[in-house]
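Asker: After the structure tokens below, expect a handful of questions from me.
The values are calculated or read from the model by the stated rules, or taken from the named source; none is laboratory data. Here the structure is a predicted model, which means the values were calculated and not measured. Backbone-built Cβ (ideal geometry, glycine too); neighbour counts: all protein chains shown. Protein only, heavy atoms only, side chains kept; ligands, DNA and RNA dropped before computing areas. Shrake-Rupley method; radii C 1.70, N 1.55, O 1.52, S 1.80 Å.
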Amino acid sequence: MLELDNALNLIIKGLESTTKELGFKVVYPDGVRPPEAPVFKENNSSYISYTGEKGRIRIVFKKNQLALHCATVDEEDTPDDDMKRISLSLLELEEYEEKDLSYIYEEFTESLLNTFKSKHDLRGNVKMPTPVSKSKAKNGVQYFDAVTLGNKMGSIYPELKEEYKNNITEYGEFLPEEFFVTHGNKFIEETIRQNDKQKMRKLFNILNEIYDDGTNDTQSLIGVTILGTILSENPDLLPNAESYFGDVMREPVTEIIKYLSSPRSKGAKMRLKNPPIYKPKAKKKKGFMQEMMGM
């Protein structure tokens, strides 16, 4: 069994490193000083309050529930009672012990970091997806995926390493179409335009290797989003690139380029340039021909 003031003091202690990192300080009621708990009483509820340059935090206990409310510095005019609730946990004082509070610390910590830390600051906490190894792909254990392709582009173009991380940080997963259309394609186009043999071999060795042992989605990415888009929009570059197409890639990619270069591909081109708005946990995409045709 826990006493409310003791439980709130333990929660303050559990969040101390996070609130200190974010620049927040506990607000004490008039006449209250440590080691007393800085608890405000209002309308059958009790709460702890923090202030800082990034905004305000309020942790409210009412009816066996502990709610975390926040207002960022951009929301400084928001009344205390209208602050956004970003997390809610049970706190059953009669049944809980000190060890039962740990899950509240963890959940509140994550919510505070997501609210008050910038994406740049959070990047170190984002787990990067693992690329598929060449041995697993060649042995048929796994197929190369878009993550592997995006990761390998960073080895050719160091400038893309940061954009690759930014993409994953922004969306919580790798969105390859956004990455290549917005960032990667211009580097690949420039390599094809320069037509330096060493750089071309390095680029197409990776594209052919991943295409040969890649998933349908990854083949679609290479054939439609990357090569199909670049070479249909810049037909003068096709002679530079086509001699580097591997045996597996050559026929389907050539057909894709022909299709995207024709007047009847207007709808497909519009979809490539204006992809659907990102929705988390979307269903797996279809094969490259279905994707290209919008089926």
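Asker: State all residues of the range 181-237 that are open to solvent by less than 30 Å² (accessible area, probe 1.4 Å) and under 21 Å from residue 162 (Cβ atoms); if no residue qualifies, say none.
Answerer: 184, 185, 188, 191, 203, 206, 221, 225, 226
Asker: Check the range 148-161 and report whether any residue there is open to solvent by less than 60 Å² (accessible area, probe 1.4 Å) and acidic (Asp, Glu).
Answerer: Looking for residues that are open to solvent by less than 60 Å² (accessible area, probe 1.4 Å) and acidic (Asp, Glu), one finds none in the range 148-161, hence no.
Asker: May I pose another question? Of the residues 191, 169, 182, 130, which is farther than 18 Å from residue 216 by Cα, in a helix (DSSP H, G or I) and at pLDDT below 90?
Answerer: Criteria check complete, one pass: 169.
Asker: Need the failing condition index for residue 14 against (1) in contact (Cβ under 8 Å) with a residue 40 or more places away in the chain; (2) open to solvent by 50 Å² or more (accessible area, probe 1.4 Å), just the number.
Answerer: Answer for residue 14: the failing condition is (2).
Asker: Taking the criterion of being in a strand (DSSP E or B), open to solvent by 70 Å² or more (accessible area, probe 1.4 Å) and modelled with pLDDT of 90 or more, would at least one residue in the range 28-42 satisfy it?
Answerer: The answer is yes; a qualifying residue exists.
Asker: Still on this structure: Quick one: how many residues across the range 185-218 are farther than 18 Å from residue 138 by Cβ, within 26 Å of the chain's Cα centre (by Cα) and among the hydroxyl-bearing types (Ser, Thr, Tyr)?
Answerer: Looking only at that region, the number is 0.
Asker: Can residue 8 be described as part of a helix (DSSP H, G or I), touching a Gly at 6+ places or on another chain (Cβ under 7 Å) and either over 21 Å from residue 117 (Cα atoms) or open to solvent by less than 50 Å² (accessible area, probe 1.4 Å) (or both)?
Answerer: In short, no.
Asker: Looking at the range 61-118 only, could you name the residues that are assigned to a helix (DSSP H, G or I), touching a residue at least 60 places away in the same chain (Cβ under 8 Å) and not hydroxyl-bearing (Ser, Thr, Tyr)?
Answerer: 98, 101, 104, 108, 112, 113, 116
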